[in-house]
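Okay, so here's the structure we're looking at.
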Amino acid sequence: MQEALYRKYRPDSLKKLVGQPDAVALIEKQVKNNNLSHAYLFSGPRGVGKTSLARIIATTLGCDPVFDITEIDAASHNKVDDIRELNDSINFIASSPGKKRVFILDEVHMLSNAASNAFLKTLEEPPEHVIFILATTEPERVLETIKSRTTHIAFKRIGNDEIISTLNEIGKNEKIKINDDVLSYIANQSDGSLRDAINLFEQTHNTFGNKATIDDLYSILGKVSIADLQQIIESINTQDTSKILNILKANYSKGLQPLDILNSITELFRNIFYFKYLPDDDTFLAISESENTLVKHSNEFITAKQLSRVLDLLDELNQTIVNAPSQELKLELFLIKLIKPQLASDIKSISRRVDLLEGEQNIQEDVVKEIPSSKQTPKPKQNTEKKTKSTIKAPKKDLENFDVYWPKILQEGKNTLTPRKYSYITLVSPQIEDEENLTLYVDDENEYLINELKKSQDILEFIESEIAKIMGLKVSIQVKEAKGLSENSSTENNVQENISEVFDIENID
């Protein structure tokens, strides 16, 4: 039987251990100075090198892999009797001193409390030539008394670049050539686990050969294809129930389970969420090009408000589907409620129904708007250039994305306005009332801020200008009082004190 690649290419020296420079540097220093600890706790995600480093330490000390290294799976040997047997073998070693002996306890968090307590004395005072290396993926579940007797080393997820480099090196040695896009997707799906990446790399090549595609990977991973996800998005947009049920039926026939399909849909909407608020996030940029295109396309017609409700429904379904009598029915009902909320009576579906009605009205009224400059003579703006007339298409659906753009307006205000005036707009609660009006709500007890905003026309003009520039909307702004808006309302003195503290100044114009 051919040896698995992850075993064949398991690192056998500190220099070959990938992605853990801090851990390697610490062990190298301790080996060089001959002051290795008697007990270590290696914690971190699976497949990042914990057990490999434990074995490397043992071989560095000259231990024989058969006689001097003992590996114990604490998940299956987690009872008191198992630990007592271990203690007895260690006591026997104490009467026969020789070269170093290394005991590796994997998944040590699975030990029962009684077993952990039985292990404490031996862990604290082991024979001089014995080293314990405990490994865990859940360090928070390890008893504090165990942790306190070890040197704790935290392992990190391995970066995609290092994973891809390792896969390329293995591919070169094994004469395997897989498309760079596929390698990149394998690295991204491995979630920082080099072992998982190598396994997926080998499985992909064994199944599809050198011509493997990302769609081939979907079948291995149990994921819905990009083409089917595209149709699901279109079905939601067009309220096409038959299409979405046909997609579900086709994926069931491929062997996908409801949870597989739900995970794919959840991942898609989560990526849309990240792209809407963090378009330059590295995690989003790491997905495949076809996924990237689908996310960007979907983001164009899914507003922030609609997306929030979809994610809310997905979160609820993810919590309840596991225990549902029929997971297929649960998923199908969810999708029907999503694309045709008029068939459901729960409050979330009614809210979604309102969104759809608003969307239909927006489509009917979608017109090309020109930002007027002749109705009123604009007042001079401080430190800003007069904007030229331009024709802007302003679909009203963008109004529901206002919360996406408000932080950007605040950031521009920090760069453009004086510190005092910038501090004013950080203390308001903006709310789009309709397609033409924005209200800045201020706590009714903060009379100072209300008065300052009402007389600071340049602040309002700045906000109007930024909304027109980045959202393509022409709005009128008004300032209103709101009762109990802030639990800690500010007086004039409090506002000034806050400004002075934030900007480290005594007086600002």
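The values are calculated or read from the model by the stated rules, or taken from the named source; none is laboratory data. Computed from a predicted model, the values in this text were never measured in an experiment. Positions of Cβ are backbone-derived with ideal geometry, glycine not excepted, and every protein chain shown enters the neighbour counts.
Tabulated values for the structure
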quantity: Counted residues, region 189-237 - those being out of contact with any helix residue (DSSP H, G or I) (no Cβ under 7 Å at 6 or more places or on another chain), touching a residue at least 60 places away in the same chain (Cβ under 8 Å) and hydroxyl-bearing (Ser, Thr, Tyr); calculated: 1
quantity: Counted residues, region 438-451 - those being surrounded by 20 or more Cβ atoms within 10 Å (Cβ to Cβ) and assigned to a helix (DSSP H, G or I); calculated: 1
quantity: Residue selected from region 14-71 under the condition aromatic (Phe, Trp, Tyr) and in contact (Cβ under 8 Å) with a residue 40 or more places away in the chain, by the criterion farthest from Glu85 (Cα to Cα); calculated: Phe42
quantity: Tally, over region 117-146, of residues that are of a type outside the set (Phe, Trp, Tyr) and surrounded by 16 or more Cβ atoms within 10 Å (Cβ to Cβ); calculated: 17
quantity: Matching residues, region 1-14, being over 11 Å from Ser52 (Cβ atoms) and surrounded by fewer than 10 Cβ atoms within 10 Å (Cβ to Cβ); calculated: Met1, Gln2, Glu3
quantity: Output for region 183-198, where each listed residue is of a type in the set (Gly, Ala, Ser) and under 11 Å from Asp161 (Cα atoms); calculated: Ser184, Ala187, Gly192
quantity: Helices (runs of 4 or more DSSP H) contained entirely in region 1-83, each with at least 3 residues that are of a type in the set (A, V, I, L, M); calculated: 21-32, 50-60
quantity: Only listed residue being more than 26 Å from Leu183 (Cβ to Cβ), among the charged types (D, E, K, R) and within 19 Å of the chain's Cα centre (by Cα), chosen from Lys305, Lys296, Lys249, Lys276; calculated: Lys276
quantity: Segments classed as helices (runs of 4 or more DSSP H), wholly inside region 104-196, with at least 1 members that are modelled with pLDDT of 95 or more, over 29 Å from Ile90 (Cβ atoms) and not hydroxyl-bearing (Ser, Thr, Tyr); calculated: 160-174
quantity: Search result, residues across region 451-472 that are of a type in the set (Val, Ile, Thr) and modelled with pLDDT of 85 or more; calculated: Ile459, Ile463
quantity: Leu61 being buried (at least 17 other Cβ atoms within 10 Å of the Cβ) and either among the hydroxyl-bearing types (Ser, Thr, Tyr) or over 21 Å from Thr136 (Cβ atoms) (or both); calculated: yes
quantity: Residues of region 222-239 that turn out to be under 21 Å from the mean Cα position of the chain (by Cα) and within 13 Å of Ser298 (Cβ to Cβ), as a count; calculated: 2
quantity: Matching entry among Leu229, Leu262, Leu268, Leu256 (being part of a loop (DSSP other than H, G, I, E, B), crowded, with 17+ Cβ neighbours inside 10 Å and modelled with pLDDT of 90 or more); calculated: Leu256
quantity: Qualifying residue in region 134-152 (condition: closer than 30 Å to Ser288 by Cβ and either in contact with a Leu (Cβ under 8 Å, 6 or more places away or on another chain) or of a type outside the set (D, E, K, R) (or both)); calculated: yes
quantity: Unmet requirement for Leu105, which otherwise passes all of (1) in contact (Cβ under 8 Å) with a residue 40 or more places away in the chain; (2) closer than 19 Å to Lys121 by Cβ; calculated: (1)
quantity: Among (1) within 15 Å of Ala482 (Cα to Cα); (2) in contact with a strand residue (DSSP E or B) (Cβ under 6 Å, 6 or more places away or on another chain), the one test that Glu445 misses; calculated: (2)
quantity: Where Val502 falls short, out of the listed (1) closer than 19 Å to Leu410 by Cα; (2) surrounded by fewer than 18 Cβ atoms within 10 Å (Cβ to Cβ); (3) at pLDDT 85 or above; calculated: (3)
quantity: Check on Asp216, farther than 17 Å from Leu262 by Cα, surrounded by fewer than 20 Cβ atoms within 10 Å (Cβ to Cβ) and assigned by TED's automatic domain parsing to the domain that holds Ser264; calculated: no
quantity: Pair list, Cβ under 6 Å, 6 or more apart: region 260-276 residue within 24 Å of Ala250 (Cα to Cα), other residue polar (S, T, N, Q); calculated: Ile261/Asn251
